[in-house]
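Below: one structure, written as structure tokens.
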2 protein chains.
Amino acid sequence: MKLAEIYMQFQSDITIIEKELEDTVKARNDVLQEAATQLLKAGGKRIRPVFVLLAAKFGHYDINGLKHIAVPLELIHMASLVHDDVIDDADLRRGKKTIKSQWDNRVAMYTGDFIFGKAVETSTFFTEPKIHQILSNAMLEMCLGEIEQIRDQYNWGQNFRVYLRRIKRKTALLIAVSCELGALAANADKEVQRNLYQFGYNVGMSFQITDDVLDFVGTEEQLGKPAGGDLRQGNVTLPALYAMHHDESIQMAITKMLASNYPEDVDISPILKAVKASGGIEYSISISDLYLEKAYEALERLPDQQEKTYLREIAAYIGKRKF
Amino acid sequence: MKLAEIYMQFQSDITIIEKELEDTVKARNDVLQEAATQLLKAGGKRIRPVFVLLAAKFGHYDINGLKHIAVPLELIHMASLVHDDVIDDADLRRGKKTIKSQWDNRVAMYTGDFIFGKAVETSTFFTEPKIHQILSNAMLEMCLGEIEQIRDQYNWGQNFRVYLRRIKRKTALLIAVSCELGALAANADKEVQRNLYQFGYNVGMSFQITDDVLDFVGTEEQLGKPAGGDLRQGNVTLPALYAMHHDESIQMAITKMLASNYPEDVDISPILKAVKASGGIEYSISISDLYLEKAYEALERLPDQQEKTYLREIAAYIGKRKF
């Protein structure tokens, strides 16, 4: 079954969520309204809402409640993208101009704050403290991940553990929590909730590692931005980390680049080539695959339902995607 | 009764809140921990927590519940200060170096995000959706206020209504909500909640107008930063607004300054002098006093209790303060 077919199965509920997202970011302020609407139109695969819906199928599925979980999760993701753009000096995301490049950093910061606030407001639908605790904890961990990324920028001495913890906080946790909360909101078994969390966590890790690989091997057309952007911004990801630990000359080249006064102006194509030659890409793919295997194992422990196949399809798509 | 004596009356509960604030911002991340702790030590009068406590005295006062309202309100206030510093290019706040000037803008943004997240996390203690709705709405309105401030920056054509709406969102609402939530968490009468909200709103308006006046008339020593900072940053506040509407030459001088390529380098002392000469200061003080009167009227509608006197004292202090 293809990914598009899975989305088709949930089309009407995804439409409800999309409408809810639109209504949610409606603001009485022109600047904000325009910024948020652009962000919404830039789209994305709405992976987190889809995971919420699929996870809820293991309990009592009711879209009227679920949308109040799916929407805040997508909003938290969107807000983090907006704040990420403030940081990353990224002028292009998904090939479209970012809020920051069109307005400015300060508007982007408050647009992100506003979207965070809307996420909190939407989730007030639920009275269970556990749901709010899980959501706010995910927000907090994402902040920690971002601050760690700043701290570790231009630091070639970091180890693999630091990298893995950072991507857990930045990416994997919100996907884990999407699966968990879908099940929790649908009153699924505790055991099911746990396994879905595990599934989401491992898919999220695989997803981010794949993302980091694509930043090395993708073309500008595929990525919507030039390759090597992470390295150029001083973000040391798994392929570079592997290369540096296995080849001293790469370590010296990267260190030299990172130590430059204008690292963003350095021609990094020799470094990209060297990282590829080091085997860092293959290594990273193998680690991504390991996480994907763990995700499949978590799925095995779930009750036998059609949705297990869907979740496996999406996981494979996310972990194996080529762009 | 002096302000210090009122604080003395609540000393043990303020200490509990202070301890809770400290515990709350404890993070496993060095950068964040240091940033948050500095922010906490920079202090402040903890006006919002004090209003929570005083308001709760009109219902069933229990510090164990109240601290979960007082702490998030103070955290939201702190987070907004951190993000405000990112915007304002303010190197000094209360005479101490801001997080931004010591670290950088990006760390400041995520520290603010983290503190917002902690505010949400702390408030999960309560199950009533109304409390969460009021809190998230206050956060959203503050974002709108900040975005409006950016939009209105260097815009000398704005009118009084735009100014008043902006300070309502930026400042008055959170103080209103502190009073309201203190009463709500203590299960006070609906009518009492409403009057306390009205009291807080009017005190907050008076507070911000006084703040804007002090930025014109205060000395660098009193303010902890040079006078005229608002104008230098393009923030048109009530005294300047009045002066521009009543004296065309001031309007031209300010417009010329705002239109300069480097408005922050312009010597604004002649403009400060002209605003003072226009009567803009006296006018602003009279508006601040009007709000203060309305705050007193709201107090009159409350049941006769000792705390009415305390609230009146604090309101007078806030609205009439000279630094």
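The values are calculated or read from the model by the stated rules, or taken from the named source; none is laboratory data. What you see is a predicted model, and the numbers here were worked out from it, not measured in a lab. Every residue, glycine as well, gets a Cβ built from its backbone with ideal geometry; the counts of neighbours run over all protein chains shown. These area figures cover heavy atoms from the full protein model, side chains too; ligands, DNA and RNA do not enter into them. Shrake-Rupley method; radii C 1.70, N 1.55, O 1.52, S 1.80 Å.
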Checklist entry - Any idea what the dipole of the range B:3-320 comes to, in debye rounded to 20, about its Cα centre with Lys/Arg Cβ at +1 and Asp/Glu Cβ at -1? => result 280 debye
Checklist entry - What is the helix-to-structure angle for B:248-259, meaning the angle in degrees between its Cα long axis and the longest Cα principal axis of chain B, kept from 0 to 90 and rounded to the nearest 10? => result 80 degrees
Checklist outcome for this item: Interchain or sequence-distant (5+) residues whose placed amide H lies within less than 5 Å of the amide H of A:ALA227 are A:GLU220
Item to check | Members of B:LYS57/B:LYS168; B:LYS57/B:LYS130; B:LYS170/B:LYS320; A:LYS45/A:LYS168; A:LYS19/A:LYS67 lying beyond 18 Å, as alpha-carbon distances in this model show | outcome: B:LYS57/B:LYS168; B:LYS57/B:LYS130; B:LYS170/B:LYS320; A:LYS45/A:LYS168
Item to check | Pair-distance profile P(r), taking every C-alpha pair of the protein assembly as shown, with 10 angstrom steps and integer % | outcome: 3, 15, 24, 24, 18, 11, 5, 1, 0
Checklist outcome for this item: Most fluctuating of B:GLN208, B:GLN306, B:GLN33 in the GNM of chain B (C-alpha, under 10 Å) is B:GLN306
Item to check | Radius ratio Rg over Rh of chain B, counting only Cα atoms, Kirkwood formula for Rh | outcome: 0.97
Checklist outcome for this item: If labels are modelled 7 Å from Cα along the Cβ direction, A:LEU258 lies from its partners in the other copies at nm distances, smallest first, of 4.6
Item to check | Shielding by partners, peptide A:71-83 (average Cβ within 10 angstrom, other chains) | outcome: 1
Next on the checklist: To make sure I understand the rule: partners must be aspartates and glutamates, Cα under 19 Å from the Cα of A:LYS2, and not fewer than 8 residues away in the same chain. Which ones qualify?
Outcome noted: A:ASP13, A:GLU307, A:GLU313
Next on the checklist: Can you tell me the orientation of helix A:11-24 relative to chain A, as the angle in degrees between its alpha-carbon axis and the longest Cα principal axis, to the nearest 10?
Outcome noted: 80 degrees
Checklist entry - Taking θ as phi - 60°, what are the ³J(HN,Hα) couplings along the range A:45-50 by the Karplus curve (6.51, -1.76, 1.60), each to the nearest whole Hz, with x for Gly and Pro? => result 8, 6, 4, 5, x, 5
Checklist entry - Tell me, in nm to one decimal, what length is gained between B:LYS130 and B:SER269 on full extension, where the rule is 0.36 nm per residue of separation less the Cα-Cα distance? => result 45.2 nm
Next on the checklist: Please report, for A:GLU128, the nm distances (one decimal) from its label point, 7 Å out from Cα along the beta-carbon direction, to the equivalent points in the remaining copies, shortest first.
Outcome noted: 2.3
Checklist outcome for this item: Once all protein chains are kept in place, A:HIS68 shows an accessible area at probe 1.4 Å, nearest 10 Å², of 30 Å²
Checklist entry - Average partner chain C-beta neighbours within 10 Å, per residue of A:151-158? => result 1
Item to check | Accessible area that becomes buried as B packs against A, both chains, 1.4 Å probe, Å², nearest 100 | outcome: 3800 Å²
Checklist entry - Given a 1.4 Å probe and every protein chain left where it sits, what share in percent of the accessible area of the protein assembly as shown is carbon and sulfur? => result 51 percent
Checklist entry - Relative to the other copies, what are the label-point distances for A:GLY279, with labels 7 Å from Cα along the C-beta vector, expressed in nm at one decimal and sorted shortest first? => result 8.5
Checklist entry - What's the center-to-center distance, using Cα atoms, between the range A:113-158 and the range B:256-315 in Å? => result 37 Å
Item to check | Whole-Å distance, taken between Cα centres, linking the range B:176-199 and the range A:27-55 | outcome: 35 Å
Checklist entry - Applying the Karplus parametrisation 6.51 cos²θ - 1.76 cosθ + 1.60 with θ = phi - 60° to the phi angles of the range B:68-83, what ³J(HN,Hα) value in whole Hz is obtained for each residue in order, glycine and proline being reported as x? => result 6, 9, 5, 5, x, 5, 5, 5, 4, 4, 4, 4, 5, 4, 4, 5
Checklist outcome for this item: Mean accessible area per residue over the protein assembly as shown (1.4 angstrom probe, all protein chains present, square angstrom) is 42 Å²
